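Quick note: the coordinates plus some simple rules give every number you see, no bench work behind them. Source: prediction; values computed, not measured. Here the Cβ positions follow ideal geometry from the backbone for every residue, glycine too, while neighbour counts run over all protein chains shown.
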Amino acid sequence: MDESRSCTNETNKELAGLFNSTQEMLAILTPEGRFHRVNHAWKQLLGRDLPELVQSSLTDLIHADDLWLVTQKIDFIGKQKNAATFTARCQDKDGNSRWLRWHLSPSPDQLWIYVEAFDVTDHVTANDELLKSNEMLTSVLLCAPVATWAVDMDGRVQFWNEAAEQTLGWTAEEVLRGAAPQFLPGSSVFDALAEDSFAGKEVLWHGKDGFPRVLRVWTAPLHDGTGLQCGTLGMSVDVTPAISLGPNSAGHRSEAKRREA
């Protein structure tokens, strides 16, 4: 009996050591959301003493704008007995907000709620900055005087600016919904998987009006956050007028004769 109790105590010490050594925020809540036990990671991130936390509830730490979400998640776990994962802000002792990724799950006997949380503030901030940068870039490209587009790895158009509409004839709405997939028969300009890259290459293009045009095209691969190619960005300039009036063109010769006369 004493040996069994000794083994149980040793196991409890090992579990407590593991509980407090991890950098992930761990806690045990009552069904009402009050703290029963927390590990040291909470103090490291939030600056709050553990006795102070144990006398409070999880909702006491949540940002006011996220309080309704967290309250609903705790209520959901109590009623549905299912786990819940979500992102919500938590306030540290100085009142600063930290974005945390939460995972709450009921204990097997459903008497407690197990909590796992880790800080994703840097990730959320980086995503916000990336979103702002993308919005700024999109605004610039939409107003650019050069026909600009982007396609995914399946060759589907994802971006089409006003200059592209003017040069090629199709509206962004038509192209984005795939209503005009036949406008480049035999051309790989919009094929993100094409082996050939375009760096000022001239291609024959038939616009929506059916008339042939010569476009000078530039393309560059687009990459996602992991570095894998996710599509292609393209730009083109209509050089048909320049070619038709080139030094060897009939138009140029007619113009030269007119000037000589």
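Amide H neighbours of Cys230 under 5 Å, counting only residues 5+ apart in sequence or on other chains, H built in-plane at 1.01 Å?
Result for Cys230 returns Leu222, His223, Asp224.
With θ taken as phi - 60° and the coefficients 6.51, -1.76 and 1.60, list the Karplus ³J(HN,Hα) couplings across the range 105-112 in order, rounded to whole Hz; mark glycine and proline as x.
Karplus values, whole Hz, x for Gly and Pro: 9, x, 5, x, 8, 6, 8, 9.
Suppose the chain between Thr59 and Gln110 were pulled fully straight at 0.36 nm per residue; how much longer would it get relative to their current alpha carbon spacing?
16.4 nm
Label Asp92 and Glu32 with points 7 Å out from Cα along Cα→Cβ: what is the distance between them in nm?
It works out to 3.1 nm between the two label points.
With r defined as the distance between the Cβ atoms of Leu50 and Glu202 and R0 fixed at 45 Å, what FRET efficiency is calculated, to the nearest 0.05?
Taking R0 as 45 Å, the efficiency between Leu50 and Glu202 is 0.05.
Which of the peptides 96-102, 131-137 is most tightly packed, and how do the rest follow, going by the mean number of other Cβ atoms within 10 Å of each residue?
Result, highest mean Cβ count within 10 Å first: 96-102, 131-137.
Would you mind getting me the FRET efficiency between Arg101 and Lys79? Use the beta-carbon distance for r and R0 = 22 Å, nearest 0.05.
About 0.45, to the nearest 0.05.
Using 0.36 nm per residue of separation minus the Cα-Cα distance, give me the extension gain between Ser133 and His223 in nm, one decimal.
30.9 nm
Does a label point 7 Å from the Cα of Phe118, set along Cα-to-beta-carbon, have any residues of the range 65-105 with amide nitrogen under 18 Å, and which are they?
Within reach of a label on Phe118, which here means backbone N under 18 Å from a point 7 Å along Cα→Cβ, the range 65-105 contributes 84-90, 98-105.
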